[in-house]
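The values are calculated or read from the model by the stated rules, or taken from the named source; none is laboratory data. Everything numeric in this text was worked out from a predicted model, so none of it was measured. In this analysis, Cβ positions are derived from the backbone assuming ideal geometry, glycine residues included, and neighbour counts consider all displayed protein chains.
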Amino acid sequence: MSATYRFEVVGVIARFPACIEVEFADGTVRTVDLTDDVYGPDPGVFAQLQDETFFNAVQVSEGAVSWPGEVDLAPDALWARTHTGDPWVPLL
């Protein structure tokens, strides 16, 4: 049995066009605004999230937020971004 860390994600809900509601193992629930990541000047792999069907395919996989095709968000960075108020914590 593996240890659970407070920043592991246990639930996620898509809020298209650019937000996700994330529940962490520590019991906190936060809304994460991904607008800059998805629609910014250089979205990279996050450009796929501009498609509503793809965005809504979000799921939790091994404690992380993920989409098909290996698009995922680091759970510790999500936790830091939502608990420190720093919107610039890198998510990859």
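Couple of notes before you dig in:
- Matching residues, segment 39-84, being of a type in the set (Val, Ile, Thr) and at pLDDT 95 or above: THR53, VAL58, VAL60, VAL65
- Checking each residue in segment 56-84 for being among the hydrophobic types (A, V, I, L, M, F, W, C) and over 11 Å from the mean Cα position of the chain (by Cα) picks out ALA57, ALA80.
- Within segment 25-55, the residues that satisfy the criterion of being under 29 Å from ARG6 (Cβ atoms) and of a type in the set (Ser, Thr, Tyr) are THR28, THR31, THR35.
- VAL22 vs. criteria touching an Asp or Glu at 6+ places or on another chain (Cβ under 8 Å) and aliphatic (A, V, I, L, M): no
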